[in-house]
Amino acid sequence: MSTVYPQIVNNFKQGRAGVQLEIRGLEKLSFRERQAVILKESGKSLEDIAKRLHLSQSSVATLLTRARSKGYEIVCIIPGTELGLGGEELDEEGSSED
């Protein structure tokens, strides 16, 4: 995802432009795995996550690896304005290509 839309992901991490991430499959994860995944997908470093959760970096890496193996998904919800489409509805009837 971050290789396809790096600016959009940066906007999300900085809390701008209405870009949202949805994490699907969280119900498959333990409480600690959920915490680690949410912090990681919010742009926190392994070191920051370890400090926040009072764990070692290797424990955080293990939690993230275990979470990935359980198959959670990240879905990026991008408003049309972020893609340069504006907020207007596209009118197929009114447009003509000659």
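The values are calculated or read from the model by the stated rules, or taken from the named source; none is laboratory data. Quick caveat, the model's predicted, so the values are computed rather than measured. Backbone-built Cβ (ideal geometry, glycine too); neighbour counts: all protein chains shown.
From the list K51, K28, K44, exactly one residue is charged (D, E, K, R), under 13 Å from the mean Cα position of the chain (by Cα) and either surrounded by 12 or more Cβ atoms within 10 Å (Cβ to Cβ) or modelled with pLDDT under 75 (or both). Which is it? Spell out the reasoning first.
Working: K51 fails: under 13 Å from the mean Cα position of the chain (by Cα); K28 fails: under 13 Å from the mean Cα position of the chain (by Cα).
So the residue among K51, K28, K44 that is charged (D, E, K, R), under 13 Å from the mean Cα position of the chain (by Cα) and either surrounded by 12 or more Cβ atoms within 10 Å (Cβ to Cβ) or modelled with pLDDT under 75 (or both) is K44.
Any residue that is outside any helix (DSSP H, G or I), of a type in the set (S, T, N, Q) and either exposed (fewer than 13 other Cβ atoms within 10 Å of the Cβ) or at pLDDT 95 or above (or both) - is there at least one of those in the stretch 61-73?
Step one: of the stretch 61-73, the residues outside any helix (DSSP H, G or I) are 70-73.
Going one step further and asking which of them are of a type in the set (S, T, N, Q), we end up with none.
Within the stretch 61-73, not a single residue is outside any helix (DSSP H, G or I), of a type in the set (S, T, N, Q) and either exposed (fewer than 13 other Cβ atoms within 10 Å of the Cβ) or at pLDDT 95 or above (or both).
Would you please list the contacts, defined by Cβ atoms under 7 Å and residues six or more apart or on different chains, that run from a residue in the stretch 38-56 that is hydroxyl-bearing (S, T, Y) to a residue that is modelled with pLDDT of 95 or more?
Cβ pairs passing all conditions: S56/A50.
Within the stretch 3-21, identify whether any single residue is part of a loop (DSSP other than H, G, I, E, B) and modelled with pLDDT of 85 or more, and answer yes or no. Walk me through it before giving the result.
Step one: of the stretch 3-21, the residues part of a loop (DSSP other than H, G, I, E, B) are 3-5, 14-19.
Now restrict to residues that are modelled with pLDDT of 85 or more: none.
Within the stretch 3-21, not a single residue is part of a loop (DSSP other than H, G, I, E, B) and modelled with pLDDT of 85 or more.
Does E33 qualify as being at pLDDT 95 or above, surrounded by 15 or more Cβ atoms within 10 Å (Cβ to Cβ) and either more than 17 Å from the chain's Cα centre (by Cα) or among the charged types (D, E, K, R) (or both)?
Details: at pLDDT 95 or above: yes; surrounded by 15 or more Cβ atoms within 10 Å (Cβ to Cβ): yes; either more than 17 Å from the chain's Cα centre (by Cα) or among the charged types (D, E, K, R) (or both): yes.
Judged against the criteria, E33 is a match.
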